[in-house]
Amino acid sequence: MIERFRENFREEAYELLNTLESHLMHLEEDPSNSEVIAAVFRSMHTIKGSAAMFGFDQISSFTHEVESVLDLVRNGKLSFTRELTGLTLRTRDHIREMLEAGEPVSEELDRISETLMNEYRKLAGTVGQSEPKPGTKSAAKNAIVDEEHEPENTFLVRFKPNQTIFENGTNPLLLLNELKGLGDFSCIPYMDRLPELSGLDAEKCYVSWDIILTTHKGVNEIRDVFIFLEDSANIEIQVIERSDLGMDGPHKLLGQILVERGVIDRDRIETIVRSQKRLGQMLVEDAGVNPSVVQSALDEQDHLERARSRARDRVQGELAASTIRVSSEKLDQQVDLVGELVTLQARLSQSILTLGLDGQITAIAESLERLTAELRDSTMSMRMLPIGTTFSKFKRLVRDLSNELGKDIELTTDGGETELDKTVIERLNDPLIHIIRNSIDHGIEMPEKRVNDGKLRTGTIRLAAAHAGAFVQISISDNGAGLDIAKIRSRAIERGLVSKEAQLSDDEVIGLIFAPGFSTADAVTKVSGRGVGMDVVRKEIENLGGSVQIQSQQGEGMTTTLNIPLTLAIIEGLLVEIGGDRYVFPLAHVTECVELTEQMRGEHRNRRMLENRGELLPYVSLREVFEIKGDTPVIQQIVVANIENRKIGFVVDSVIGDYQTVIKSLGKVYHDARGLSGATILGDGAVALILDIPQLSQIAMNDAETSLKR
């Protein structure tokens, strides 16, 4: 049991360390940001306390020393310098190594701990000073407290606007909404000033409110909401409880609240209580207390109990709105099961059509189809993560490599909230590392050269993500030197990739950098020069069903754009038939379908070209690509796909229609099959192959070039 808790601690600690790295990179840009400094301290504090609680005493002792220095920074006694940032980043890496090694740690790790602690002591000027090391249960208990939540106050705000408040255009409800945004909010309206309908003036305000508000904000922030109403409303604000002081105290009783408000005196309350009747009812019937006042006090009572409950939950780490941790294997298993359900539902619908069934069974099938679609979308959303979690990792990469190469480089990000399937994000890590390393080493110039060329000393790499239909578009751009077209061409000739006589456009020359082992580096370094890079990027992105585009302008920079499908598990597809077999086009690539007749084939001297919407459309016959025998229909269909902003046609026998496709792997035996990316099971139990459009488009383009040379 304890080992399971220790493993949970490790997982949470890894998340904290990732967050810590992100905060440290932010502090390097803005070292005076007190909120981020506090977040760094909290991360270290939480790791320290939790480590002690679960028996990681060496980690706890080490982080205690680090926390002491960070506390000096938090209290303004020490500046967060670049040196301290670098030291804390090294500390972050060291803690991760200690977590992975387990306790007791090796002598080597223990020696590194001592070295880092000495550096902290030297930096803080506290050599020889020490504090009691944590490790007791009480220390661990204190560490559980989530310091992100500062003590809250609960206020009673009495808002009684003048009847003429509408005349200056004020809407009291908007003010209440603004108060609601400050924290936990309860509101009780008073209607006692409301006249009979015959005497009602629609331009007058007869309502007043009691608001109970639990918030981190102070009185001044609350009063600012009513800043323009000093002459048109009566506003009273008083603290009725502090959450940090009152959460363990006795519950406030109804009579106590009314006495504190001055509604009734204590002796009268005691008299009513002795009658052994319900206090609220007696106050209204015998004491003449306004029912709205009693309701307001009851709401205050409930509100205070909710606030206390939340405060207790925070201390215990059990917030009511907390999330649960689920292993990725369980999520993957659920996606697989939902995929099977989608296939089964399709088979049911197909069977109903085949058997000609109608009536109630059809209605049931339609309801099942709707629920299956909702379950599919809900399950897929569980695997979606913001890509910003990946972006933040690369700030450390840029920092370390730029320092190593003596360059000044800044990484900026945009669109970090864009969501992608967890599996896709994991597989994006290596391609993005290759591209960023290339930008650092080949793209961004040395500071002196940038200044001589009239550029800013600091180069910039920008990571951006945005949704584009069923794809996410990720761009990595830099303002460096751009690609040297002449150098790429020269190196390609040296390696025999092209002949000296070949006439290539700039885009075709740029495409040469995707050749396996290609590199323009003059020497092998730790960063690059071994010819392993862009070919790996293209292969990995195409394995994801995506594409890579490069735009470059010499002297100004380069942009690499990755188009990535949102998910790899279930896609919308276009089902087609060729020679009695069925195939699936990923619908995200498809733009339209057009007919192809014998007459249209001969319009361009049998070259694989077709005039479509005023442009020449190259096409390829999938019958020929897959060597499918049999008679060709007189009229075929061309499925038009858009790949890297170029339209290409694929000739099929017929188009059946759209189909929700659960992707199945082809297995190791068919791993190298060109033009295919997977398979799916159809409603009738048959297997349909899923087409790899990027690979097939390359075949189409090569075929089109051959046709043009005839």
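Nothing in this text is a laboratory measurement; each read-out follows from the coordinates by a stated rule. From a predicted model like this one, the values you see are computed outputs, not experimental measurements. Glycine also receives a Cβ, built like all others from the backbone with ideal geometry; neighbour counts cover every protein chain displayed.
Taking θ as phi - 60°, what are the ³J(HN,Hα) couplings along the stretch 387-403 by the Karplus curve (6.51, -1.76, 1.60), each to the nearest whole Hz, with x for Gly and Pro?
5, x, 5, 7, 4, 5, 5, 7, 5, 5, 4, 5, 4, 5, 5, 5, 5
Residues with amide H under 5 Å of Asn612's amide H, sequence separation 5 or more or different chain, H placed in the peptide plane at 1.01 Å from N; which?
Sorted by chain and number, the residues that satisfy this are Leu617.
How large is the dipole of the stretch 314-454 about the Cα centre if only Lys and Arg carry +1 and Asp and Glu carry -1, each at its Cβ, rounded to the nearest 20 debye?
So the dipole magnitude of the stretch 314-454 works out to roughly 320 debye.
If we count other beta carbons within 10 Å of each Cβ, what is the order of Ser402, Ser349, fewest first? All intermediate terms of the calculation are to be shown ahead of the outcome.
On the way: Ser402 20, Ser349 16.
The most exposed by this proxy come first: Ser349, Ser402.
Given labels modelled 7 Å from the Cα in the Cβ direction, how far is it in nm from Ser106 to Leu497?
Between Ser106 and Leu497, the label points sit 4.0 nm apart.
Using a cut-off of 13 Å between beta-carbons, work out the net charge of the residues near Pro633 (Lys and Arg +1, Asp and Glu -1, Pro633 not included).
On the way: positive: Arg601, Arg623; negative: Glu577, Glu595, Glu598, Asp631, Asp653.
Residues near Pro633 contribute -3 overall.
Quick one: Leu411, Leu676, Leu371, fewest Cβ neighbours within 10 Å first, how do they rank?
In increasing order of surrounding Cβ atoms, one gets Leu371, Leu676, Leu411.
Express in nm, to one decimal, how much length is gained between Arg646 and Ser349 on full extension, taking 0.36 nm for each residue of separation and deducting their alpha carbon distance.
Values: separation 297, 0.36 × 297 = 106.92 nm, distance 3.66 nm.
So the extension gain works out to 103.3 nm.
Counting other Cβ atoms within 10 Å, which GluC sites (Glu not before Pro) in the stretch 601-660 have at most 10 and lie in a DSSP loop?
Glu627
Report the label-to-label distance for Ile165 and Asn612 in nanometres (one decimal), using points 7 Å from each Cα along the Cα→Cβ vector.
My value for the distance between the label points is 6.4 nm.
Would you list Met25, Met191 from fewest to most Cβ contacts within 10 Å?
Met191, Met25
How high is the relative contact order of the stretch 163-237, in percent, counting Cα pairs under 8 Å that sit 6 or more residues apart? Kindly include the intermediate steps, with their values, before the conclusion.
Values: 67 pairs, mean separation 29.7, N = 75.
Result for the stretch 163-237 is 40 percent.
Between Ser490 and Gln553, take the C-beta separation as r, use R0 = 25 Å, and let me know the FRET efficiency to the nearest 0.05. Could the numbers behind the result be given before it?
On the way: r = 19 Å, r/R0 = 0.77.
Calculated value: 0.85.
Tell me which aspartates and glutamates have Cα within less than 19 Å of Lys180's Cα, excluding those fewer than 8 residues away on the same chain?
Of all the aspartates and glutamates, those that pass the test against Lys180 - Cα under 19 Å, at least 8 places apart if same chain - are Glu150, Glu152, Asp210, Glu221, Asp224, Glu236, Glu241, Asp299, Glu300, Asp302, Glu305.
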